[in-house]
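One structure below.
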Amino acid sequence: ARVHKDISMAPQIGDERVWLIDGNGLLESGQNALLKVLEEPSAYARFIVTIDDPVRLLPTLLSRAVRVDIPPMEEAVLEEFLREQGVSEDEKIALAKAFGQGIPGVSLEIASSEDFLELRKSLVRWFLKFPEHNTAEVLTEDYKFFESNRGRSNVLFLLLHALVRDCLVISRGGEFDLLMQEDLAKAFQKFTKHYRLSASRWANMSRSINKARLHIQANANFEMSICNMLLEIREEFHYVRNSER
């Protein structure tokens, strides 16, 4: 909406105006709105859209873009960078490399976080018990866990997505060294043996997490987004439990 409002304003200094847009927060409706601007752009307008995965963008939007891939920083270089910034704990460096995806700023934020390790432990404890919770517990106690960490919701989504991803890897017989959280391999192995979900069901969870993240980034209702995500994740476990009866 802001682009539509500002696009008619010519640049006051120079010949061009540049909009920097975070594509990770664009829902389909937002992409379609941006597409309308791109179909008849002003001569002075330039747009830079940053996104973690281009697959999230509509093909019609991608077709009007010049794609520039920025490769992730190599692990050895990233570790050197973190140590130069004063990060010395091996555990923090390992997690920063795993979750930072080769992006120096994200990795440093993780490694410098005072509560990242504790938040991770709390999330894992919660998730391993979550499949046994009933609907009332999902909409009260489970939601409260996310509400109490609302200010760190981006980190929670990152951790939860990694957790589901690692469970998928183990459920398909993947090697432990493929995990983002190798130190939790045995716990995940026990968990996935107890809840024998198919790869498609783990993938459904990942999509639910990403959908909730995008909705919240787009200023959708926090409680509704989180509760819908939790109910969808629980449904995947619930299906397996019912099929075993």
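The values are calculated or read from the model by the stated rules, or taken from the named source; none is laboratory data. All values derive from a computational prediction rather than experimental measurement. Cβ placement follows ideal geometry from the backbone for every residue including glycine, while neighbour counts extend to all protein chains displayed. When the accessible area is computed, the model is the full protein with side chains, heavy atoms only, and any ligands, DNA or RNA have been set aside. Shrake-Rupley method; radii C 1.70, N 1.55, O 1.52, S 1.80 Å.
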Quiz item: Roughly how tilted is helix 199-217, in degrees to the nearest 10 and between 0 and 90, from the longest Cα axis of the chain?
Solution: 50 degrees
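Could you look at the chain and say what percent of its accessible area is carbon and sulfur, using a 1.4 Å probe and all protein chains? Show your work: numbers first, answer last.
Working: 7510 of 14620 Å².
The C+S portion of the solvent-accessible surface of the chain is 51 percent.
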Practice problem: Using the charge dipole of the chain (Lys, Arg: +1 at Cβ; Asp, Glu: -1 at Cβ; taken about the Cα centre), state which of Ile103, Ala45, His238 has its Cα farthest towards the positive end. | Solution: His238
Exercise. For helix 153-171, report the angle its Cα long axis makes with the longest principal axis of the Cα atoms of the chain; keep it between 0 and 90° and round to the nearest 10°.
Key: 50 degrees
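Here are some pairs, Lys144/Lys193; Lys190/Lys211; Lys92/Lys144; Lys97/Lys121; which of them have Cα atoms lying more than 24 Å apart in this structure? It would help to have the intermediate numbers written out before the result.
On the way: Lys144/Lys193 28 Å; Lys190/Lys211 28 Å; Lys92/Lys144 27 Å; Lys97/Lys121 18 Å.
Pairs exceeding the cut-off: Lys144/Lys193; Lys190/Lys211; Lys92/Lys144.
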Quiz prompt | Filtered trypsin sites (Lys or Arg not before Pro), the stretch 15-60: DSSP coil and at most 16 other beta carbons within 10 Å | solution = none
Quiz item: Exactly which GluC sites (Glu not before Pro) in the stretch 156-245 are in a DSSP loop and have at most 10 other Cβ atoms within 10 Å?
Solution: Glu175, Glu244
Exercise. Determine the shape class of the stretch 33-140: with a ≥ b ≥ c the square roots of the Cα gyration tensor eigenvalues, call it rounded for a/c under 1.5, and otherwise prolate if a/b is greater than b/c, oblate otherwise.
Key: oblate
Exercise. Rounding to the nearest 20 debye, state how big the charge dipole of the stretch 1-132 is about its Cα centre with +1 on each Lys and Arg Cβ and -1 on each Asp and Glu Cβ.
Key: 580 debye
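Quick check for you: with a 1.4 Å probe and neighbouring chains kept, what is the accessible area per residue of the stretch 55-126, in Å²?
Working: 4580 Å² over 72 residues.
That works out to 64 Å² for each residue.
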Self-check item: Cα long-axis angle, helix 75-84 against the chain (0 to 90 degrees, to the nearest 10)
Solution: 80 degrees
Quiz item: When the chain is treated as a GNM, springs tying every alpha-carbon pair under 10 Å, which of Ile233, Ile48, Ile13 comes out with the largest mean-square fluctuation?
Solution: Ile13
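For the chain, what is the charge dipole size about the Cα centre, in debye to the nearest 20, if Lys and Arg each add +1 at the Cβ and Asp and Glu each add -1 at the Cβ?
Values: 31 positive and 37 negative charges, 193 e Å.
In total the dipole reaches around 920 debye.
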Quiz item: With charges only on Cβ, +1 for K and R and -1 for D and E, what is the dipole size of the stretch 86-202 about its Cα centre, in debye, rounded to 20?
Solution: 480 debye
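Select from the stretch 1-99 those chymotrypsin sites (Phe, Trp or Tyr not before Pro) which occupy a DSSP coil region and have at most 16 other Cβ atoms within 10 Å, ordered by residue number. Before the final figure, lay out the partial values.
Numbers: sites: Trp19, Tyr44, Phe47, Phe81, Phe99; in loops: Tyr44.
Here the sparse-neighbourhood loop sites are Tyr44.
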Quiz item: Amide H to amide H under 5 Å from Ile21: which residues, 5+ apart in sequence or cross-chain, H placed 1.01 Å off N in plane?
Solution: Ile48, Val49, Thr50
Quiz item: Under the rule of -39500 (n - 2.57) per DSSP H run of 4 or more residues, summed and divided by the residues of the chain, what mean residue ellipticity at 222 nm is obtained, to the nearest 500 deg cm²/dmol?
Solution: -18000 deg cm²/dmol
